[in-house]
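Every number here is computed from the coordinates shown, using simple stated rules; none is lab data. Source: prediction; values computed, not measured. We place every Cβ from the backbone using ideal geometry, glycine too, and count neighbours over all the protein chains shown.
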Amino acid sequence: MLTRSFFTTAALAAGVLFTAVDETQALDLYAPGGYTLTAGLGADWTPATAPMLTESSPGSGIYELDFDLDYATNGNLSGTSYGFKILSNVNGGAVEWSDVQLTPNDAWFVADADGQMTIRINTNAAIDDGYFPNTNRVAILDDVSTWTAIGNFQTQLGSATDYNNAFAGTEMLLTSPGVYSLTTTIPTAGAYNWRAVNTGTFDGVGTDGRWNNAANLSFNTFENDQEITLEINTNIGGIRYLTEAVLAGDTDNNGVVEFADFEPIRDNFLTATSLRSMGDLDFSGFVDIRDFREWKNAINSPALVAQALAQLQAVPEPTAILMAGVAVALVGGTRRRVG
């Protein structure tokens, strides 16, 4: 079974910084860019004459701008790429570059077949649907239809290089309207990252938005040849990944929590690793008391926990802090509710 496998801290871990906006009242949002003159909406890249977005429904926090690139006048511009920004004019007055930039980096779109375009941004904070970015999410309706998943796993799948934006082996296929995905197996367990790009370019979508050097989304595989699904939903402008569900405390992923699952925690205690199979159950990048606690709570056997504790105490050069942490973990697991 596939399940969402992500953490709300992932955006922070990726160094993502978004500007918070007040969701309780309508925002004055404007979209200056390199398309406005062609669309008859003012001078290019000029905030003062930039078109204004409108809220799709009161209080939704979702704003849209519809425009026509007017192929009848300008010729067929299908396939042409344009950049833009979205500014929030929070103080009133003339729109300026000093206004709040909801897209700190230039966002992008590619003109479609008929030239009728829609820019959409979801300004709600901490959108909890499993996709990244989770705020100020930009989407283009009638978006491009050629997407490639790039990342540090592509050479394992036959690519000459990682982050190869033209590798057919990681082409993302349309699975439902506006949703493209890649389901594959990664030969070697490890820590990986990825983002979705318009095939042949680095115009993409990542954890920090829609731009040509978007931040990667990190994920872990905990066994060799593990299946992973990478997905972009162009309807909302977000990416996510899906992995096989894991059982808490199960380091070897055999579906049973047993004493053998403690052994990699013991063997790699207080060492850096990002592999679940080596004891990093919480994907913190380090095997420590938290991983032991997850296994202890999952095994639910005081006798096996006591045996494991004795072995953990034999780890070379244990520190007083380590032993105190182990003791706290053990006591926490044996406490019983009374009354």
*In the neighborhood of residue 31, defined by Cβ-to-Cβ distances under 13 Å, what is the net charge if each Lys or Arg adds +1 and each Asp or Glu adds -1?*
-3
*According to the square roots a ≥ b ≥ c of the eigenvalues of the Cα gyration tensor, what is the shape class of the range 29-124, taking rounded for a/c under 1.5, prolate for a/b larger than b/c otherwise, and oblate for the remainder?*
prolate
_If I take R0 = 41 Å and measure r between the Cβ atoms of residue 96 and residue 191 in this structure, what FRET efficiency does the formula 1/(1 + (r/R0)^6) give, to the nearest 0.05?_
0.45
*Considering only 123, 221, 247, whose Cα is most displaced toward the positive end of the charge dipole of the chain, charges sitting on Cβ of Lys, Arg (+1) and Asp, Glu (-1)?*
247
_One quarter of the convex hull surface, Cα atoms only: what value does that give for the chain in nm²?_
22.4
_Counting other beta carbons within 10 Å of each residue's own, what order do 210, 290 fall into, fewest first?_
290, 210
*Select from 182, 157, 275 the residue whose mean-square fluctuation is largest in a Gaussian network model of the chain (Cα-Cα springs shorter than 10 Å).*
157
*For the range 189-272, what is the convex hull (Cα atoms) projected area averaged across all directions, in square nanometres?*
7.3
*the range 29-124: relative contact order in percent, alpha carbon pairs under 8 Å with at least 6 residues between*: 32
*Which whole-number percent of Cα pairs in the range 124-198 have a distance greater than 14 Å?*
66
*the chain - charge dipole about Cα centre, Lys and Arg +1 at Cβ, Asp and Glu -1, debye rounded to 20*: 1040
*residue 235 versus residue 49, label points 7 Å from Cα toward the beta carbon: distance in nm?*
3.8
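Suppose R0 equals 56 Å; then what is the FRET efficiency for residue 105 and residue 300 from their Cβ-Cβ distance, rounded to the nearest 0.05?
0.70
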*Measuring from label point to label point, each 7 Å out along Cα→Cβ, what is the residue 128 to residue 74 span in nm?*
4.1
_Spin-label model distance (nm) - residue 311 vs residue 173, 7 Å beyond Cα toward Cβ_ = 4.4
